[in-house]
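Some notes on the structure that comes next.
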Amino acid sequence: MDMPDTVTSTEASATGAIDGDYDDAIDYYTPGDPLVDMKAPDGPISERWQNRKFEARLVNPANRRKLSVIIVGTGLAGASAAATLGEAGYVVKTFCYQDSPRRAHSIAAQGGINAAKNYKEDGDSVHRLFYDTVKGGDYRSRESNVYRLAEVSTNIIDQCVAQGVPFAREYGGLLDNRSFGGVQVSRTFYARGQTGQQLLIGAYQAMERQVAAGTVTMYARHEMLELVVVDGKARGIIARDMVTGAVETHLADVVVIASGGYGNVFYLSTNAMGSNVTAAWRAHRKGAYMANPCYTQIHPTCIPVSGSHQSKLTLMSESLRNDGRIWVPKNQADCDKDPRDIPEEDRDYYLERIYPSFGNLVPRDIASRAAKNVCDEGRGVGPEVDGVRRGVYLDFADAIDRLGLDAVRSKYGNLFDMYARITGEDPYSVPMRIYPAVHYVMGGLWVDYDLQSTIPGLFVTGEANFSDHGANRLGASALMQGLADGYFVLPHTIRDYLADGPFEPISEDHPAVVEARDSVKQRIEHFLTVNGNRSVDSYHRELGNIMWEYCGMERSEDGLKKAIDLIRGLRDDFYRNVKVLGTSESLNQSLEKAGRVADFFELGELMCIDALNRRESCGGHFRAESQTEDGEALRHDEEFAYVAAWEWAGLDEKPILHKEDLVYTAIEMKQRSYK
Amino acid sequence: MNLTLKIWRQPDAASKGAMHTYELADVSPDMSFLEMLDVLNEQLNDRGEEPIAFDSDCREGICGTCGLMINGYAHGPEVTTTCQLHMRSFKDGETITIEPWRSDAFPVVKDLVVDRGALDRIVQAGGYVSVNTGSAPEAHSVPVPKDDADRAFNVATCIQCGACVAACPNGSASLFMGAKVTHLGLLPQGQPERDERVVNMVAQHDHEGFGGCTNIGSCTAACPKEIPLDVISQLNKDLRTAIRHGH
Amino acid sequence: MKGARASRTTVALKLAMAVSGFLFVGFVLAHMYGNLKAFGGHDAFNEYAHHLRELGEPLLPHEGALWILRLGLIISLVVHVVTGVLLWRRAARARTTKYVQKKNSGVTRASLMMRWGGVTILVFLVWHLLNFTIGKVNPQGGATNDPYNLMVDTFDVWWMTVIYLVAMLALGAHLHHGIWSAAQTLGWTGTATKRRRAKTIGFVTALVVSVGYSLVPLAVLAGIITK
């Protein structure tokens, strides 16, 4: 396809060569040309963003009201961009599937937001935040992007405070910070356990102010179902009004996708029920590359599944691991006993046993994998769901002895209450049960330094893009990235694209527009007329099980190949046998879900292919074939220091893999160890 | 558990609705209320009946999307959101009545789903601090007393679910407005627009057709985030001050 | 709603209702003080009634102060009733489809009776004025030009006393919620402590007023106060 902003480079292909020994996925994809980010600026890393901002062309204020922007998604990344572009004077349309933009799932983030303010004078700096983020991402992110993220992080805090975000403060009236996620400096700003909601309300209010000012038009309960690409450029979307069922055409000069992550491909995750990949996936099918789709973050301290009715998982703060001890019974026979009756010598504190120096505080992925292993061995605890007990104890008995009940209550009271409400058990007397759950995806649509995808005029922000977190995301960095993209990065980079305007208007009768609209209508029509005998949810649950089993915490060549077969079979069955009742002319939640699950099938397959290709363990991606003798993740920088950017080649066609080499000039790659 | 469910069904805003009765067997006490409805919907779908439409998203009590009138209580008998309500709060054999939020400002979209866009429009009327991106001063340039910051946070926990309106015998959204006005009014950043904010928000509230507050307190009893009635006092005080300032 | 007028809002209506309500609270307390003069006997009571008419003389004409007070009360009544009706109508329009099942948890019964309770008090007021002020109806057919005797004649009739006691119950309930509600509307209850205090004041005042007013008719019925 035509890509004016990316070039293929034959020199690069030599360094990114595929080593036959490692390529398990070769039967599943077509090797493509290497990919180079042409927007990546040169020069010292600390000057790159300043240079790019200066070089990005300006748009005359009078011209701005002739330029239109569509933003899909109103979470931190979408609402902040909408507010900022509206303030600048562009004509903005925003879309969300929720009934109000303030409900986007950014709202659920608990912990906090990082910023290199160094208010604690504890050695933090932009460079250290940059360093920690690249290292945390296991050296699989693009260093220029990460540096920029760290650089603008300080502006975010200023902006949010000015909006009235009620961050925690000290008695002197200044902002409080805490250390988060094992980082040694205190750089996390927080608003008790709901930093996400408070930041989102700030962005939402800023956007609503623009709605009142007339620069932003908000379309709630609208779902983007197709991207309109005209002459190789993104020029609009086809969206369905979820209340009336009307299939609407919205045209603009540029489209921004800020639709969040796709963790719901696993069915059970900490994502919202409606979180989906459709906007991103439709763009992918129209030519936007999908990068590193297999990078998934799994969080170890979630409340376990209580039965087959489970619809979603709830996260508890990782801080619980500071004082709680994780264990399972040594003997399977003890698994259904009251844990208080199991004597000390029959308990296996497996993290303390395997990782004596870090113990219960090993990183998220290690703790998660270890929990899965003991449950797979049949030593899990809690209710049996589909024949397996999936849960491990997180025991505060020692902490209560050591610190006293009141100290534990004051430190963890909120979390204990939440646990008690959901499970009906009292964690002060009975050990909590926890199990890992999918929490965040680092993969997403490929973007260049300007956050522009491989489709000119299509920009991607927030969790929907792949750019900043590499193979693993640090705690309190998701909020930072969403707001950095929306407030401070995109508004600068998008103007360079818009400076080419005003653009030629597109008619709703343009063949490309008609084609997009018709394809959406056909898809809807198909789902409503199959009239099979299985519900959408039952397919989604089965897909989730496959993904969790084979493309979850630990991936292997055999497992992934099996998963690909299973997904393909299930997808075929879905199209022939799904049962969607009702009509398309009104609110129809089954119909909405059918479209989302259909896209999850295709994404799930690509995730497995990506995981199969990456025969190394890095960050959230663990390949059974790539571990040290002690079971530690083993990276292979020689072979895999690249971004895997996948091009859609058509349904049942092998996707095309483009590799973007990762070059580090400001930081040295290191292998981690937690023994 | 076996349950009898009386549920409001209404095909769309224009049609008339009615209560329908469903029997549901083998409900686990560990299910959330919405998972119980998921199970019912799965059975309805299998029987060829259209599933019941209801709103939910995060299902962890923070997004404010869910909201049902359960046995006459907004969000059911516990102080929490509908999604965090579990079936262990009900008895085997119980009959449960489930209705949508009732307010003429929240028209029914379908079954149990209502349109709460009126609350967004109240925010548009003034529920913000006017600060363009990039124009903010350094965050530490304005200290905020900890007590004010904490109190602002406490009332900013409002999730805009609309339970206050649903529970209010007058159909007033005063608790929602009061929470926003108090949150922004407690902070130095919110002062310049304080008068216009309260006047414009209340005017929009009235325009949307919400009722006036008579300080009954049903709202705060139903609020899953336990926003106190203090915020309505603050709202009234701010409006009184605005009148004095000639607004 | 840019450029909206604060005085046109529901909150402004409530403010008017609160202020007029507080004027009534003052009136009711003063009136109760006068009623209790009945325990001082025929002359004390009539002297008080007579004195009211001479209040402010010679600066004001005869009954001048009384008419100023009456005028204030009439205006308050109009404001209180009109804002009440407007807010009642708004509330009715705010929820035209009723719940099949609706419960109110954590609220006082008094708070839910404000409107019908208010109507009850209004109806009583009309009767009360006919009885003692404008119409001067003596249910026993006796003289009406002696306030004390008229009162005793009235409350000697058991059903008159019952009507009066029911009205005082309604008034008590109205004040119980009304006083705290007016304080809240005026923005005086911005903390939990202030809120509790306002509710306590409301309850105590309601109790004092309803008991205070009930003492005289009960005493008449019991034969403690006689002609």
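Check whether at least one residue in the stretch C:59-78 is surrounded by 15 or more Cβ atoms within 10 Å (Cβ to Cβ), under 30 Å from residue B:74 (Cα atoms) and either in contact with a Ser or Thr (Cβ under 6 Å, 6 or more places away or on another chain) or modelled with pLDDT under 95 (or both), and report yes or no. Checking the stretch C:59-78: not a single residue is surrounded by 15 or more Cβ atoms within 10 Å (Cβ to Cβ), under 30 Å from residue B:74 (Cα atoms) and either in contact with a Ser or Thr (Cβ under 6 Å, 6 or more places away or on another chain) or modelled with pLDDT under 95 (or both). Which condition does residue A:296 not pass, out of (1) of a type outside the set (Phe, Trp, Tyr); (2) within 17 Å of residue A:608 (Cβ to Cβ); (3) within 14 Å of chain B (Cβ to nearest Cβ), if it passes all the others? It is condition (3) that residue A:296 fails.
Taking the stretch B:202-247 as the range and being among the acidic types (Asp, Glu) and either over 26 Å from residue B:69 (Cα atoms) or out of contact with any helix residue (DSSP H, G or I) (no Cβ under 8 Å at 6 or more places or on another chain) (or both) as the test, only B:238 passes. For the stretch C:1-48, the candidate set comprises residues that are surrounded by fewer than 16 Cβ atoms within 10 Å (Cβ to Cβ) and not in a helix (DSSP H, G or I); within that set, the residue that is farthest from the other protein chains (Cβ to nearest Cβ) is C:41.
Taken over the stretch A:331-348, the criterion of being in a helix (DSSP H, G or I), in contact with a helix residue (DSSP H, G or I) (Cβ under 7 Å, 6 or more places away or on another chain) and not charged (D, E, K, R) is satisfied by A:332 alone.
Of the residues making up the stretch A:521-550, just one is touching a helix residue (DSSP H, G or I) at 6+ places or on another chain (Cβ under 7 Å), within 14 Å of another protein chain (Cβ to nearest Cβ) and under 18 Å from residue A:390 (Cβ atoms), namely A:542. Residues in the stretch A:152-173 that are surrounded by fewer than 24 Cβ atoms within 10 Å (Cβ to Cβ), in contact with a Phe, Trp or Tyr (Cβ under 7 Å, 6 or more places away or on another chain) and assigned to a loop (DSSP other than H, G, I, E, B): A:168 only. Do we find a residue being touching a Phe, Trp or Tyr at 6+ places or on another chain (Cβ under 6 Å), within 30 Å of residue A:635 (Cα to Cα) and part of a helix (DSSP H, G or I) anywhere in the stretch A:123-141? Checked the stretch A:123-141: at least one residue is touching a Phe, Trp or Tyr at 6+ places or on another chain (Cβ under 6 Å), within 30 Å of residue A:635 (Cα to Cα) and part of a helix (DSSP H, G or I).
For the stretch B:90-122, taking the residues that are part of a helix (DSSP H, G or I) and without any contact (Cβ under 8 Å) to a residue 60 or more places away in the chain, the one that is farthest from residue B:194 (Cα to Cα) is identified as B:117. I'm trying to understand the selection: among the residues of the stretch A:107-142, which are more than 22 Å from residue A:182 (Cα to Cα) and within 14 Å of chain B (Cβ to nearest Cβ)? Listed by number, the list holds a single entry, A:107. Of the residues that make up the stretch C:134-142, is at least one of a type in the set (Lys, Arg) and in a helix (DSSP H, G or I)? There is no residue in the stretch C:134-142 that is of a type in the set (Lys, Arg) and in a helix (DSSP H, G or I).
Quick one: is residue C:85 surrounded by fewer than 17 Cβ atoms within 10 Å (Cβ to Cβ) and within 25 Å of residue B:170 (Cβ to Cβ)? Here the answer is yes, as residue C:85 does meet what is asked. Do we find a residue being surrounded by 20 or more Cβ atoms within 10 Å (Cβ to Cβ), farther than 29 Å from residue A:39 by Cα and among the hydrophobic types (A, V, I, L, M, F, W, C) anywhere in the stretch A:637-651? No, the stretch A:637-651 has no match at all.
In the stretch A:169-197, the residues that are on the phi > 0 side of the Ramachandran plot and at the interface with chain B (Cβ under 10 Å from one of its Cβ atoms) form Cβ pairs under 6 Å with partners that are at pLDDT 95 or above and crowded, with 20+ Cβ neighbours inside 10 Å, at six or more places apart or across chains, as follows: A:173/B:144.
Residues of the stretch B:27-39 include none that is more than 27 Å from the chain's Cα centre (by Cα), more than 7 Å from chain A (Cβ to nearest Cβ) and not in a loop (DSSP other than H, G, I, E, B). Just to be sure before I move on: is residue B:83 assigned to a loop (DSSP other than H, G, I, E, B) and either under 15 Å from the mean Cα position of the chain (by Cα) or of a type in the set (Asp, Glu) (or both) in the structure I sent? No: the conditions fail for residue B:83.
Residues that are crowded, with 22+ Cβ neighbours inside 10 Å and touching a Pro at 6+ places or on another chain (Cβ under 7 Å) do occur in the stretch A:137-151, at least one of them. Can residue B:126 be described as under 18 Å from residue B:209 (Cα atoms) and without any contact (Cβ under 8 Å) to a residue 40 or more places away in the chain? Answer is no for this residue. The stretch B:132-247 holds no helices (runs of 4 or more DSSP H) entirely within its bounds that carry 3 or more residues that are in contact with a strand residue (DSSP E or B) (Cβ under 9 Å, 6 or more places away or on another chain), facing chain C (nearest Cβ under 7 Å) and on the phi > 0 side of the Ramachandran plot. Residues in the stretch B:120-131 that are β-branched (Val, Ile, Thr) and at the interface with chain A (Cβ under 7 Å from one of its Cβ atoms) were compared, and the one that is farthest from residue B:206 (Cα to Cα) is B:131. Scanning the stretch B:19-41 for residues that are of a type in the set (Asp, Glu) and surrounded by 15 or more Cβ atoms within 10 Å (Cβ to Cβ) yields a total of 3. No other residue among A:239, A:206 is buried (at least 24 other Cβ atoms within 10 Å of the Cβ), in contact with a Phe, Trp or Tyr (Cβ under 7 Å, 6 or more places away or on another chain), in contact (Cβ under 8 Å) with a residue 60 or more places away in the chain and farther than 29 Å from residue A:585 by Cα apart from A:206. Looking at A:592, A:660, A:638, A:653, just one residue is assigned to a loop (DSSP other than H, G, I, E, B) and of a type in the set (Asp, Glu), and that residue is A:653.
Each residue in the stretch C:101-114 was checked for being in a helix (DSSP H, G or I) and surrounded by fewer than 17 Cβ atoms within 10 Å (Cβ to Cβ), and 1 pass. Is one or more of the residues making up the stretch B:83-103 touching a helix residue (DSSP H, G or I) at 6+ places or on another chain (Cβ under 6 Å), surrounded by 23 or more Cβ atoms within 10 Å (Cβ to Cβ), within 11 Å of chain C (Cβ to nearest Cβ) and within 20 Å of residue B:9 (Cα to Cα)? Taking every residue of the stretch B:83-103 in turn, at least one turns out to be touching a helix residue (DSSP H, G or I) at 6+ places or on another chain (Cβ under 6 Å), surrounded by 23 or more Cβ atoms within 10 Å (Cβ to Cβ), within 11 Å of chain C (Cβ to nearest Cβ) and within 20 Å of residue B:9 (Cα to Cα). On inspection, residue B:42 qualifies as free of Cβ contacts under 8 Å to residues at least 12 places away in the same chain, part of a helix (DSSP H, G or I), outside the structural domain of residue B:170 (by TED's automatic domain parsing) and of a type outside the set (A, V, I, L, M).
Just a yes or no: is a residue in the stretch A:322-330 within 28 Å of the chain's Cα centre (by Cα), outside any strand (DSSP E or B) and surrounded by 22 or more Cβ atoms within 10 Å (Cβ to Cβ)? Yes, the stretch A:322-330 contains at least one residue that is within 28 Å of the chain's Cα centre (by Cα), outside any strand (DSSP E or B) and surrounded by 22 or more Cβ atoms within 10 Å (Cβ to Cβ).
The values are calculated or read from the model by the stated rules, or taken from the named source; none is laboratory data. Since the model is a prediction, treat every value here as computed from it, not as a measurement. Positions of Cβ are backbone-derived with ideal geometry, glycine not excepted, and every protein chain shown enters the neighbour counts.
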